[in-house]
Each structure stands twice: as C-alpha cells, then as structure tokens.
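Undergrad: Dropping the structure in here first, questions after.
Read-outs throughout are calculated quantities, based only on the coordinates presented, and are distinct from any laboratory measurement. Please read these numbers as outputs of a predicted model, since none were measured by experiment. Here Cβ is always computed from backbone atoms with ideal geometry, including for glycine, and neighbour counts include all displayed protein chains.
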Amino acid sequence: MGVVERSVITDIRLAPEGHLKIDWAAAHMPVLNRIRERFEREKPFAGLKVAISLHLEAKTAYLAKVIAAGGAEVAITGSNPLSTQDDVCAALVEDGIAVFAKYNPGPEEYKELLVKTLETKPDLIIDDGGDLVAILHAERQDLLANVRGGAEETTTGILRLKAMERDGALRFPMVAVNDAYCKYLFDNRYGTGQSVFDGINRTTNLVVAGKTVVVSGYGWCGKGVAMRAKGLGANVVVTEVDAIRAVEAYMDGFAVMPMLEAAKIGDIFITVTGNRDVIRGEHYAVMKDGALLANAGHFDVEVNKPDLEELSVSKRTVRKNIEEFRLKDGRRLYLLAEGRLVNLAAGDGHPAEIMDMTFALQAMALKYVNEAHESIGRRVVNVPYEIDEQVARLKLESLGAAIDRLSDDQKRYLESWQEH
Ligand SMILES: NC(=O)c1ccc[n+]([C@@H]2O[C@H](COP(=O)([O-])OP(=O)(O)OC[C@H]3O[C@@H](n4cnc5c(N)ncnc54)[C@H](O)[C@@H]3O)[C@@H](O)[C@H]2O)c1
C-alpha cells in the first residue's frame with residue numbers, strides 16, 4: 001500500500017498551502033539544509049524506518065523530509081492534538097511520507113494515531129514528551145524488537161526517560177536532545193520566549209505593556225518568557241520552587257513570590273514548569289476578574305482544569321482558543337488553548353531559525369544513535385559535544401559571523417598549571 005492509502009490525515013486537498021509553509025520554513029533553516037546535502041550524499045538511514053512524534057507543523061515537516069533524504073522510510077505523527085497543521089500533513093503525504101495525524105482528534109484517536117505510527121515497525125524513533133517510547137514499553141512490547149534507539153526532544157520527555165532508566169525499564173538508548181547547548185540555550189529560551197507571546201498576542205489581540213505577567217518556573221523556557229514579557233513592557237513576577245533559580249530571577253530584576261500572592265495581582269499567567277497543578281483552585285479563588293491563563297509546559301496539567309470547571313457556573317468560547325470561565329461570584333477567567341502549549345496550540349511554534357538548530361541536532365543525534373546504539377546500551381545519553389559544536393559552527397557560518405581561534409601558546413597556557 002502506498003503512503004497516500006496508508007496515511008490518516010484530514011484532507012489531501014490542503015497540500016498546496018502546506019507545501020508553501022514547508023518551503024518558507026526550509027528557506028530559513030540553513031543548518032538543516034547543509035545536513036540535508038550531506039544526508040543526500042551519504043544516505044545514513046538507507047534501508048531503515050524512522051517513526052517521528054513532534055509538533056506537526058512546517059519546520060517538523062522539513063525535518064521529516066531531511067531524514068527521508070538520508071534514505072529512511074519515515075512515518076510521522078503529532079505530539080499534541082492541537083499543534084498538528086492539516087495542510088502540512090497533506091503536503092508531507094504528497095512528498096512520500098506516511099502521516100498519521102489530524103488537528104484536534106479526540107483523545108482516543110490521538111492515541112490510535114501514535115500506535116499506528118509505531119505499527120510501521122521503526123528502527124529509530126524521534127519522540128517529543130515521551131509518548132512513543134512509553135507506549136512501546138508499556139503496551140506494545142511486540143513492536144520493540146526492531147528499535148535500535150532514538151532521540152527525545154523535550155525536558156518533560158527526558159524526565160520520563162530518566163525515570164525509566166532508573167527503574168531498569170528502558171530497552172534501547174535514547175539521546176537527550178533537549179540537554180544539548182544548541183537546544184536549550186536557544187530553543188527553550190529564545191524560541192519559547194518569542195513564540196509564547198506570538199501565541200498569546202495573536203489569540204487575544206490585547207496589550208501586554210503595563211500589565212502584570214506571572215511566569216511560573218524560571219528554567220530555560222521561563223527565563224525566555226520573562227525576558228520577552230519585560231521587553232513588551234510588562235511588570236514581571238516569577239514563581240519558583242527552586243531557591244537558586246528564584247535568586248536568579250530576582251537578580252534578573254523580577255519580583256519573586258509564591259503563587260498564592262502572585263494570583264492576586266497577575267493579569268496574564270504563563271506556566272512553564274513541566275509540573276502539574278501549578279495554578280489550581282486556591283489560586284483561582286483570589287484572581288482578578290479578566291485574568292488570562294496560559295501554559296507553555298509540555299502537558300496540559302500545569303493549569304488545573306478540573307478545579308476551574310468546578311469553581312465555574314458557566315463556560316463559553318469567546319474567541320478562537322479562548323474559553324471564558326464564569327465563577328460563582330461573577331469573576332471571569334480566560335483559559336487559552338485549553339491549557340495546552342500556547343505557542344504551538346495557538347500559534348506556529350518557535351521561529352524557523354531557532355528550530356534550524358534544534359532539528360539539526362535531532363538529525364545528527366539520530367545518525368549518532370544509529371551508529372553507536374550497541375556501545376551506548378540501554379541508557380539516556382547526551383548529544384556528543386562535537387555534534388553540538390558542529391551545529392553552533394554551522395549556525396555562525398550561516399549568520400556570516402566568524403570567531404577567533406586559540407593559538408598554540410594560548411592552548412598550552414590554558415592546559416598547564418605551571419605557566420600562570
Ligand atoms: N512550549 C514550548 O515550545 C516548549 C519548549 C521547550 C520545552 N517545553 C516544556 O516546558 C517545560 C519547562 O521546560 P524547561 O526546559 O524550562 O525546564 P526546566 O527544568 O529548565 O525548568 C522548569 C522550572 O520549573 C520550576 N518548577 C517546578 N515546579 C514548579 C512549581 N510548582 N511552581 C513554580 N516553579 C516550578 C523548576 O524548579 C524549574 O526551575 C517542560 O515541560 C518542557 O518540556 C516547552
């Protein structure tokens with residue numbers, strides 16, 4: 001059966017718009033273009049099947065095409081029900097890639113699509129948040145046999161993988177792409193910082209300047225979100241559970257306080273912790289009328305939705321991706337994009353130039369795990385430094401920027417303990 005018949009998508013007729021989106025992204029991904037040229041020559045994935053679960057929009061589609069250019073047979077699905085773009089899916093099918101994804105399938109169909117992707121019996125996996133790996137280990141061990149290894153995109157997925165490794169449950173090596181410098185320093189910080197406000201601004205069409213923005217979590221994503229909120233003129237409050245990160249936020253010029261206090265003064269709340277129930281009933285109880293609630297962490301559990309439902313007398317959609325919850329005392333709270341990652345569910349995700357680096361790492365990490373899977377064993381490993389450095393050098397080259405080189409004398413000086 002060909003990919004058109006095998007694929008499960010919304011409508012193949014949407015392909016022309018999808019091709020335009022993918023071409024635009026590809027034109028702004030010079031590092032990945034260099035890797036594509038290499039893959040076309042070297043065919044590192046010849047004869048292999050690759051299953052991918054990522055936010056299925058244009059940049060991801062281009063990564064899938066680059067992996068296919070390396071000789072792989074690729075099957076792809078989304079990593080969130082609301083971040084899949086149907087036109088991009090259609091274009092990928094026309095490009096010969098099997099796609100199992102739709103915008104906003106119900107929870108059951110969403111899971112079925114993940115399973116269908118795994119049923120292609122992949123040799124290699126790219127996962128985002130750990131769903132493919134979790135299904136393989138917990139429910140479909142019959143599909144484990146072929147899998148040589150894979151690469152994980154995000155903080156939340158790596159936490160899950162490390163828990164599996166600790167329990168001795170992990171059956172193949174996974175590369176922690178998120179933990180590479182060229183990922184978290186740029187994608188989590190600058191990517192999330194910019195795209196979260198892209199999502200919030202286009203969804204609400206409201207001003208940020210002068211408002212109080214509460215950012216929960218001052219990790220790599222939170223630092224980016226707080227930085228951009230400040231740039232837009234907001235008064236920024238950070239909530240944390242980690243004392244060191246809280247001091248960092250304070251020194252960066254932000255107010256630091258517990259959520260219960262922040263809840264009383266915030267106009268816009270953005271959670272980016274990777275944790276659950278960060279905003280919950282006791283916080284809704286003291287929030288101002290009209291407060292906006294958004295999440296940018298991987299799962300939709302950071303803003304507690306059952307508590308919000310319970311405290312509300314009614315809810316209605318007031319604009320695409322905005323639900324108004326009317327509380328018993330008449331106050332209204334607005335939940336964006338159902339509490340799912342606002343930058344992807346209500347936007348196009350990170351800028352292309354940022355994903356250029358992240359996906360260059362993904363492509364190289366997949367090649368690495370394929371070559372080294374036997375020696376790595378059943379572990380979660382970092383992206384080798386040489387790959388990280390190579391991506392940074394290609395990025396600099398694409399920016400037309402050069403850096404200095406150490407002289408032999410300088411190298412000796414740095415490496416000796418007597419010469420100082
Ligand atoms: N939206 C996106 O495009 C995008 C991009 C990258 C990562 N992510 C996701 O964002 C989340 C955060 O990623 P990160 O790289 O910043 O992680 P991180 O580990 O660097 O930071 C998370 C921070 O949240 C803090 N935290 C945990 N529980 C908290 C609580 N109850 N209240 C306040 N702070 C709390 C931690 O102390 C930590 O400082 C993860 O789920 C990750 O997968 C999203």
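Undergrad: I'm told Tyr284 meets every condition in (1) within 11 Å of the ligand (Cβ to nearest atom); (2) surrounded by 15 or more Cβ atoms within 10 Å (Cβ to Cβ) except one. Can you identify the failing condition by its number?
TA: The failed condition is (1).
Undergrad: Another one. Looking at Val215, Val247 in this structure, which one is within 28 Å of Ile158 (Cα to Cα), touching a helix residue (DSSP H, G or I) at 6+ places or on another chain (Cβ under 7 Å) and not in a loop (DSSP other than H, G, I, E, B)?
TA: Only one candidate qualifies: Val215.
Undergrad: Follow-up question, since we're still on this one. Among the residues of segment 336-363, write down those that are surrounded by fewer than 24 Cβ atoms within 10 Å (Cβ to Cβ) and among the aliphatic types (A, V, I, L, M).
TA: Answer for segment 336-363, where residues must be surrounded by fewer than 24 Cβ atoms within 10 Å (Cβ to Cβ) and among the aliphatic types (A, V, I, L, M): just Ala352.
Undergrad: Only one of Leu118, Leu113, Leu92, Leu132 is under 19 Å from Ala365 (Cβ atoms) and surrounded by 18 or more Cβ atoms within 10 Å (Cβ to Cβ); which?
TA: Step by step, each of Leu118, Leu113, Leu92, Leu132 is checked, and only Leu132 is under 19 Å from Ala365 (Cβ atoms) and surrounded by 18 or more Cβ atoms within 10 Å (Cβ to Cβ).
Undergrad: Would you say Ala255 is within 13 Å of the ligand (Cβ to nearest atom) and not aromatic (Phe, Trp, Tyr)?
TA: no
Undergrad: Which of the residues spanning segment 233-244 are aliphatic (A, V, I, L, M) and either over 23 Å from the mean Cα position of the chain (by Cα) or in a helix (DSSP H, G or I) (or both)?
TA: Passing the criteria: Ala234, Val236, Val237, Ala243, Ile244.
Undergrad: Filter segment 186-214 for residues that are hydrophobic (A, V, I, L, M, F, W, C) and more than 9 Å from the ligand (Cβ to nearest atom) and give the result.
TA: Phe186, Phe197, Ile200, Leu206, Val207, Val208, Ala209, Val213, Val214
Undergrad: Also, I was wondering about something else. Go through the residues of segment 299-308 one by one and say whether even a single one is in contact with a strand residue (DSSP E or B) (Cβ under 9 Å, 6 or more places away or on another chain), under 21 Å from Lys211 (Cα atoms) and within 13 Å of the ligand (Cβ to nearest atom).
TA: yes
Undergrad: Return the residue satisfying two criteria in turn: it lies in segment 162-185 and is charged (D, E, K, R) and more than 14 Å from the ligand (Cβ to nearest atom), and of such residues it is farthest from Val380 (Cα to Cα).
TA: Asp167
Undergrad: Tell me, yes or no, whether segment 368-379 has at least one residue that is buried (at least 19 other Cβ atoms within 10 Å of the Cβ), β-branched (Val, Ile, Thr) and within 15 Å of the ligand (Cβ to nearest atom).
TA: no
Undergrad: Give the residue that is farthest from the chain's Cα centre (by Cα), with candidates limited to residues of segment 87-102 that are in a loop (DSSP other than H, G, I, E, B) and within 15 Å of Val50 (Cα to Cα).
TA: Applying the filter and picking the extreme gives Gly96.
Undergrad: Let me ask you something else. In the set Glu353, Glu338, which member is of a type in the set (Asp, Glu), touching a residue at least 12 places away in the same chain (Cβ under 8 Å) and in contact with a His (Cβ under 9 Å, 6 or more places away or on another chain)?
TA: Glu353 is the lone residue from the list that is of a type in the set (Asp, Glu), touching a residue at least 12 places away in the same chain (Cβ under 8 Å) and in contact with a His (Cβ under 9 Å, 6 or more places away or on another chain).
Undergrad: Taking segment 126-160, which residues are touching a residue at least 40 places away in the same chain (Cβ under 8 Å), more than 12 Å from the ligand (Cβ to nearest atom) and part of a helix (DSSP H, G or I)?
TA: Listed by number, the residues that qualify are Asp131, Leu132, Val133.
Undergrad: Mind counting the residues in segment 135-165 that are of a type in the set (Gly, Ala, Ser) and in contact with a helix residue (DSSP H, G or I) (Cβ under 7 Å, 6 or more places away or on another chain)?
TA: Number satisfying all stated conditions: 3.
Undergrad: A further question follows. Residues that are surrounded by fewer than 17 Cβ atoms within 10 Å (Cβ to Cβ) and away from the ligand (no atom under 16 Å from the Cβ): does segment 54-75 have at least one?
TA: Looking through segment 54-75, at least one residue is surrounded by fewer than 17 Cβ atoms within 10 Å (Cβ to Cβ) and away from the ligand (no atom under 16 Å from the Cβ).
Undergrad: Then there's this: In segment 10-49, which residues are crowded, with 24+ Cβ neighbours inside 10 Å and more than 23 Å from Cys182 (Cα to Cα)?
TA: Gly18, the sole residue that qualifies.
Undergrad: With over 26 Å from Glu353 (Cβ atoms) and surrounded by 24 or more Cβ atoms within 10 Å (Cβ to Cβ) as the only criterion, which of Met259, Met251, Met174, Met164 stands out? Spell out the reasoning first.
TA: Working: Met259 fails: surrounded by 24 or more Cβ atoms within 10 Å (Cβ to Cβ); Met251 fails: surrounded by 24 or more Cβ atoms within 10 Å (Cβ to Cβ); Met164 fails: surrounded by 24 or more Cβ atoms within 10 Å (Cβ to Cβ).
On inspection, the qualifying residue turns out to be Met174.
Undergrad: All but one of (1) in contact with a strand residue (DSSP E or B) (Cβ under 6 Å, 6 or more places away or on another chain); (2) hydrophobic (A, V, I, L, M, F, W, C); (3) within 22 Å of Asn104 (Cβ to Cβ) hold for Ile270; state the number of the condition that does not hold.
TA: Every condition holds for Ile270 apart from (3).
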